[in-house]
1. Identify the residue in segment 196-254 that is under 19 Å from Gln148 (Cβ atoms) and under 28 Å from the mean Cα position of the chain (by Cα) and, among all such residues, is surrounded by the fewest Cβ atoms within 10 Å (Cβ to Cβ).
2. Restricting to segment 80-102, count the residues that are touching a Phe, Trp or Tyr at 6+ places or on another chain (Cβ under 9 Å), within 16 Å of Thr33 (Cα to Cα) and surrounded by 19 or more Cβ atoms within 10 Å (Cβ to Cβ).
3. Scanning for something among the hydrophobic types (A, V, I, L, M, F, W, C) and in a loop (DSSP other than H, G, I, E, B), does segment 370-377 turn up at least one residue?
4. At pLDDT 75 or above, aliphatic (A, V, I, L, M) and either touching a Pro at 6+ places or on another chain (Cβ under 9 Å) or under 24 Å from Thr510 (Cβ atoms) (or both): is that true of Leu471 in this structure?
5. Residue check: is Arg385 at pLDDT 75 or above, over 27 Å from the mean Cα position of the chain (by Cα) and under 21 Å from Pro331 (Cβ atoms)?
6. I'd like to check which helices (runs of 4 or more DSSP H) are fully inside segment 1-67 and have at least 3 residues that are surrounded by 11 or more Cβ atoms within 10 Å (Cβ to Cβ) and at pLDDT 85 or above.
7. Just checking, how many residues over segment 305-328 are within 23 Å of Phe230 (Cα to Cα) and part of a loop (DSSP other than H, G, I, E, B)?
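The values are calculated or read from the model by the stated rules, or taken from the named source; none is laboratory data. Quick caveat, the model's predicted, so the values are computed rather than measured. Cβ placement follows ideal geometry from the backbone for every residue including glycine, while neighbour counts extend to all protein chains displayed.
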Amino acid sequence: MALVLLLLLPIFLLSSSSCLVLAIPTLASQAATLLSLKDSFSPPLPPQLRSWTLANYASLCSSWPGVACSNRTVVSLDISGYNLSGTLPPAIADLAGLRFFSAAANSFSGDIPPAIAALRDLRHLNLSNNQFNGTLDALDFSAMHSLQVLDLYDNDLAGALPTLLPAAAGLRHLDLGGNFFSGTIPPSFGRFPAIQFLSLAGNSLSGDIPPDLANLSTLRHLFLGYFNRFDGGIPAELGRLTSLVHLDLANCGLQGPIPASLGDLTGLDTLYLQTNQLNGTIPPSLGNLTGLRFLDVSNNALTGEIPPELAALRELRLLNMFINRFRGGVPDFLGDLRSLQVLKLWQNNFTGAIPAALGRAAPLREVDLSTNRLTGEVPRWLCARGQLEILILLDNFLFGPVPEGLGACPTLTRGNYLTGRLEEDGSGGGGSSSSRLSLLNLSSNRFNGSLPASMGNFSWLQTLLLGGNQLGGQIPRQVGRLKRLLKLDLSGNKLTGAVPGEVGECTSLTYLDLSGNRLSGAIPVRLVQIKVLNYLNVSWNMLSGSIPRELGGMKSLTAADFSHNELSGRVPESGQFAYLNGSSFVGNPGLVVVNPKQQVMGGGPGILGGAGTQDERGSSSSSAVMGRLKLLLAAVGLLGFSVAFAAAAVATTRSAAMLRRRRRSSSWRWRMTAFQQVSFGCEDVVRCVKENCVVGRGGAGVVYRGTMPGGECVAVKRIVSAEGGGFQAEVETLGGIRHRHIVRLLAFCSGPEAKLLVYEYMVNGSLGEALHRAGADDGGGGVVLSWASRLRVATEAAKGLCYLHHDCSPPILHRDVKSNNILLDARMEAHVADFGLAKFLGGSGASECMSAVAGSYGYIAPEKEGTKNGDPRKQANQKDIK
């Protein structure tokens, strides 16, 4: 400020141009005000503000970023998205001519300065997406006659809504959403004379919705939902808001029926009433809303049938009515809606057939009619417009063939649950080579017939779930063409013939379940080609021959079940077989188990069979007795020899033996399970666990950086708990996951004192570090993420979470999504990590994770209160949204 005065002194001494004397000080004083604002911002400052200096104050109106002038007076200041922090000083009021001010999308905190009300010409004030706190009580809204836009969305403001706010009579846009305002909505909020947009959503408001809001005759957009908890129901008076275009009352605890008066809102484009406790039927008067495009009444307790009057909603694009108690048929007029894109009616009591014309005229993208009582065939036109992405029809009573063209629908990506017969030709159920279908779930339905050979055309398929049907015939050899396949479940069918060796060509497979069929022949040795197989289940078939010894060399195999077949010979004891217990081999009369760890509890070495003849059991018993007697005599002799040898050894080499045992004890007790092809062992991993290798500490353990003998860098997470906890959750979750944007678990090592998770190493650390570390301008040398990079990272992380929520069966909740749990690789690609709190949601939707809040403080999802049992897809989305 002193420099400004010194700069102005020569100007005031000039007398040759009185006009210059009057103009330049005005620019200089405004520049001084802007520089005082700049000084209140916390470093580091963005490059946009570098030109805000005293040296070029004269070019204030032409070259200062964010500043606009009229007649040498600053009338607009826009510093939105500058990544600024700190406080907003009262000096802002010194810009007396200001009409437009936006500081949105920064990190400002503290109170909103009351002096801002002194800006009499201010028309637009946007402070959204910051961290302003405190209340609005000190602001004199009666002095802000010119104010038209007040946007304070997404801050930390609290207290009661200011009763005198309507004194700003010129307000047309008011957004107080996403804060912590509490108490009731003042009746005075019904006295805004010119309001067009009003949002109070996402606060902690309670009480009744005041009928006075119906006096806002100019209102076009009204948002009151999301985490407010109102008493009572929807005021019938809202039907007088005839200018209304968008009405959003979702998720705010409303009860009672939907007022028929809402049918008077004939200009309505969007009506959102989902996730409340509304009951009764859909009022037929809603058919008057002929311009309605989005209607969502899902997750309520509504009953009755869909009224035929809704056929007049010809512009409807989205219709959500899931999780209610609707009954009757799915109306045929839905097939005549030419704009319909999303139709979700799942978890109701609909009966009858799906409208045959559904999809013929409309560009359907998502259709979910699951968990109803629908019968008949799947309509042939569902993908007629070639835009269908999601089709879910499970838990119905559908039958008949899969329609032609549906299997070849190129846009289908996930969630395809059908019933009927799998067609052999590529245009039916088999699919075409152009299809990019990645998940096909037809499990637990009534599919019959045989598996089509054309299933091999789904070259992008990663998950194929056909369990729990009535499929017969042989497994086609073309299954070996599914090179991207990660999970294959054909259990619980009537499949016959041999297990084709071509299954071994699915080299990305981590999960293979062929149990509960009528398969015969030998177990193919070619399965050893699958280097990442974790789970193998061939139980309850009629397989014969011996168990291939080569399977023991599959280091990734952690669970296998060969029980209840007709296998014979000796159970291999080497490799991974040494860790399987007797339950993996029972029910095979000809199978001989010698390793005690592989025997059924209470049994000894011998044949693992079921029921046999009395002579066979007697013969086996006599042989077992003789075998035990011989074993006992050998053991006694060996014991005597060992005692003598041990005494001599103790006398001569006691200290050396002690030293060797200590050296060996840290390695032989470690056991590794590999989920990828690795070239290192547990001893290499253990060497990394030392203090000078620590790179991070999380809620479930300490993370070390290590270099393997082959030069590969890995991240080792040490869990010091002997119980399951975070370790068990991470192993169970990550072991079977393969996704580009989810961190890869390479292996885990289990020891007596700790457990070690081995991940791929991310050289650029976490997103949190990239966002908050010192930048290059400050000498910190950190990576500065551009806004384009931030958007890309957010999108990639969302893809990873979407995979967990929708493409894993059962769905997986991360439950601790935050910037520090998103890692960046050498190309700055995002990988979701740290599954220490991950939980599975079972098919019923129930989960132990629903009974308690989990996650890091400050990052817990606001939807945490939705803990009642429900659809696992909905719960998965809610729990991981921040």
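1. Within segment 196-254, the match that is surrounded by the fewest Cβ atoms within 10 Å (Cβ to Cβ) is Phe223.
2. Count: 3.
3. No: zero hits.
4. Here the answer is yes, as Leu471 does meet what is asked.
5. Against the criterion (at pLDDT 75 or above, over 27 Å from the mean Cα position of the chain (by Cα) and under 21 Å from Pro331 (Cβ atoms)), Arg385 qualifies.
6. Helices (runs of 4 or more DSSP H) meeting the threshold: 18-40, 60-63.
7. Residues meeting the conditions: 4.
Matching residues to (1) outside any loop (DSSP other than H, G, I, E, B); (2) farther than 26 Å from Phe322 by Cβ; (3) at pLDDT below 70:
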position	(1), (2), (3)
Arg360	no, no, no
Ser427	yes, yes, yes
Leu440	yes, no, no
Ser443	no, no, no
